[in-house]
Amino acid sequence: MTNQPDHVSGIIENEFLKLVKNRRSIRRFLPQSVEREKIITCIEAARLSPSAENVQPWRFMVLDDPEKIQAFSQDVFSGIYRFTRWAEKSPVIIVIFAELDWLANRVGKEIQGTQYFLLDVGIAGEHLVLQAEQLGLASCWIGWFNARKARKFLGVPRRWKAAAILALGYPQQHIKERRPKKKLEEILFFNSYNSKK
Ligand SMILES: Cc1cc2nc3c(=O)[nH]c(=O)nc-3n(C[C@H](O)[C@H](O)[C@H](O)COP(=O)(O)O)c2cc1C
C-alpha cells in the first residue's frame, strides 16, 4: 500500500478535493473552546445527508463542557477502551446515535443484509467532519468506546444506539504525512472486475 501522489492523471483538481486531501485524523487539540455557531454549522451539514428511505436515523449529542467531557471519558473510555482516553482533552465530543427504526433496520437487515442505519450515520458523520475541516477545525472518528455506557451516561432511550463518537477542536498538531491510502487502481473498477478501462 503506497501513497498516491497528489497529481494522478485523470483527476480534476478542485477545492473540495483539496479539503479532502488536507484532512487528517487529529487527536491533540488546543485548549480552546469551539464556537457554538461552528458546532451547529457542522450539525447542519450532517442534517442534510442522504439516508436510506430518508429515515434520518442520526441523533447528535454534543458535549462542550470540559467537566462533562472529563466525566464522560472516565466512564466511556475505560477498561479495554482506555486507549481512547486521549479524547478526554477534546474541547468537543459528539456522540452520534442511530435511532433504530423498524423499517430501515429490521426489514432492511433481514432482506438485504445491510444495516442501513450504520451507512446513514457514517455519511452524516463525514459530512460533519468535512464541514469542520472547512471551518478550520480538526476531528477524529472514534469507534472504540463503551457504547452502552455512553448511552447510559447521556440518559438517552434504549432505542438510540451509540454508533460512533467524533472528537472535535482546533488542532494542536498539523500532520503533514498522510496515512497510507490504497492506490486508485486497487479500489476502482470500471465495467468489470478484470478491466482497467
Ligand atoms: C469508523 C471509524 C472509527 C475510528 N475509530 C477510531 C478510534 O477508536 N480511535 C482512534 O484513535 N482513531 C479512530 N479512527 C481514526 C482512524 O484511525 C483514521 O481515520 C485512519 O487511521 C486514517 O487516518 P486519517 O483519518 O488521518 O486519514 C476511526 C476512524 C473511523 C472512520
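The values are calculated or read from the model by the stated rules, or taken from the named source; none is laboratory data. Because the structure is predicted, anything quoted here is derived from the model rather than measured. Methodologically, a virtual Cβ is constructed for each residue, glycine included, from the backbone with ideal geometry; neighbour enumeration extends over all protein chains shown.
Within segment 85-98, does at least one residue satisfy the condition of being among the acidic types (Asp, Glu) and in contact with a strand residue (DSSP E or B) (Cβ under 6 Å, 6 or more places away or on another chain)?
no
May I ask you to verify whether residue 62 is farther than 17 Å from residue 134 by Cβ, under 17 Å from the mean Cα position of the chain (by Cα) and modelled with pLDDT of 95 or more?
yes
Every residue in segment 159-170 that is more than 8 Å from residue 139 (Cα to Cα) and of a type outside the set (Ser, Thr, Tyr), please.
Of everything in segment 159-170, those that are more than 8 Å from residue 139 (Cα to Cα) and of a type outside the set (Ser, Thr, Tyr) turn out to be 159, 160, 161, 162, 163, 164, 165.
Does segment 147-197 hold any residues that are over 19 Å from the mean Cα position of the chain (by Cα), farther than 19 Å from residue 99 by Cβ and among the β-branched types (Val, Ile, Thr), and which are they?
Passing the criteria: only 187.
Could you please find all residues in segment 110-161 being in contact (Cβ under 8 Å) with a residue 24 or more places away in the chain, within 20 Å of residue 43 (Cβ to Cβ) and charged (D, E, K, R)?
Across segment 110-161, the qualifying residues are 120, 133, 151, 161.
How many residues are under 20 Å from residue 92 (Cβ atoms) and either in contact (Cβ under 8 Å) with a residue 60 or more places away in the chain or of a type in the set (A, V, I, L, M) (or both) when one looks only at segment 15-43?
19
Taking segment 112-142, which residues are buried (at least 20 other Cβ atoms within 10 Å of the Cβ), within 12 Å of the ligand (Cβ to nearest atom) and farther than 17 Å from residue 97 by Cβ?
138, 139, 140
For segment 141-154, check the following and say yes or no: at least one residue is over 24 Å from residue 55 (Cβ atoms) and either in contact with an Asp or Glu (Cβ under 7 Å, 6 or more places away or on another chain) or modelled with pLDDT under 95 (or both).
yes
Would you point out the residue of segment 45-57, among those that are in a helix (DSSP H, G or I), touching a residue at least 40 places away in the same chain (Cβ under 8 Å) and more than 25 Å from residue 152 (Cβ to Cβ), that is farthest from the ligand (Cβ to nearest atom)?
53
When the residues of segment 58-88 are narrowed to those that are within 12 Å of the ligand (Cβ to nearest atom) and closer than 24 Å to residue 117 by Cβ, which ends up surrounded by the most Cβ atoms within 10 Å (Cβ to Cβ)?
If we take residues in segment 58-88 being within 12 Å of the ligand (Cβ to nearest atom) and closer than 24 Å to residue 117 by Cβ, then 76 is surrounded by the most Cβ atoms within 10 Å (Cβ to Cβ).
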